[in-house]
Amino acid sequence: MKLLFILIGLCLAAPVLLLAELGQNELQVAETYGQPVSEQKKSDTLVERQYGFNGLSVVVTFLNGTSQCETFKKPDNAPLTEEQVEKILAANGNHLEWTAEGTTKPNARKWIIAGPKPSASEAVEGPTVFAVSSRRPSAMAEPAGEGRGRLIAVDTRTPDNTSSSPVAPSVLRRAVYTQEGTNVSLKVFTAAYESVSKQEQRQGRDAPNQ
């Protein structure tokens, strides 16, 4: 009986692996991962910070102050355990289910979280919003006191007027686990990060050479 109480006490005292989540602000992430070991400003809206946490290297990309992309890997480039993969996905699912997605790469696994799919009977006349953000890009900033706290669309789908089929579900979040060469990592990110990242890449390609 005494041994049973000792074992119960040890279980209660055992540390629980808590992870920061997509959508949290810089302070919330720091409360979980501590102070970053490095920081890099990728653009006016994207800041990348690296943390060391529970034997993992965690790179968090903040979009206007909120975590929108997190990459997990081991410093020795060893594969993540299946338990680690499951915990990272669970922590970043926003209480929604991840769905495995097919991939042609043998050393990669992918998952998505899709937005709601309208039924065929629903009449869709304009763009359908699948994801919103309470943060506005600086270019959309308004004078103080105006529009504060207003939600804006960060992911929409425009219906095909030539088809009667329902609008395809939008991808709200993605996860990619790569086990290739020196790149063994699990990356989870939101539609907002994906959209901004692609837009900035296009702008970089279109920018004239200095």
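The values are calculated or read from the model by the stated rules, or taken from the named source; none is laboratory data. Nothing here was measured: the structure is a model prediction, and the numbers come from that model. With ideal geometry, Cβ positions are generated from the backbone for all residues, glycine too; neighbour counts draw on all protein chains shown.
Some notes on this structure:
- ARG157 surrounded by 12 or more Cβ atoms within 10 Å (Cβ to Cβ), more than 14 Å from the chain's Cα centre (by Cα) and modelled with pLDDT under 50: no
- The set of residues in the range 18-47 that are in contact with a strand residue (DSSP E or B) (Cβ under 9 Å, 6 or more places away or on another chain) and of a type in the set (Asp, Glu) comprises GLU21, GLU26, GLU39.
- Restricting attention to the range 91-107, the residues being within 18 Å of the chain's Cα centre (by Cα) and loosely packed, with under 13 Cβ neighbours inside 10 Å number 6.
- Residue ID - surrounded by the most Cβ atoms within 10 Å (Cβ to Cβ), chosen from residues in the range 171-184 that are within 14 Å of the chain's Cα centre (by Cα) and closer than 20 Å to GLU48 by Cα: ARG173
- Residues (small (Gly, Ala, Ser) and either modelled with pLDDT of 95 or more or more than 23 Å from ARG174 (Cα to Cα) (or both)) located in the range 1-49: GLY9, ALA13, ALA14, GLY23, ALA30, GLY34, SER38
- Hey, THR32 closer than 19 Å to ALA191 by Cα and β-branched (Val, Ile, Thr) or not: no
- So THR71, is it assigned to a helix (DSSP H, G or I) and either crowded, with 16+ Cβ neighbours inside 10 Å or modelled with pLDDT of 90 or more (or both): no
- All told, GLU83 falls short of being closer than 24 Å to THR182 by Cβ, assigned to a strand (DSSP E or B) and either at pLDDT 95 or above or charged (D, E, K, R) (or both).
- Filter result for the condition that a residue is surrounded by 12 or more Cβ atoms within 10 Å (Cβ to Cβ), more than 24 Å from PRO36 (Cα to Cα) and among the β-branched types (Val, Ile, Thr), over ILE112, ILE88: ILE112
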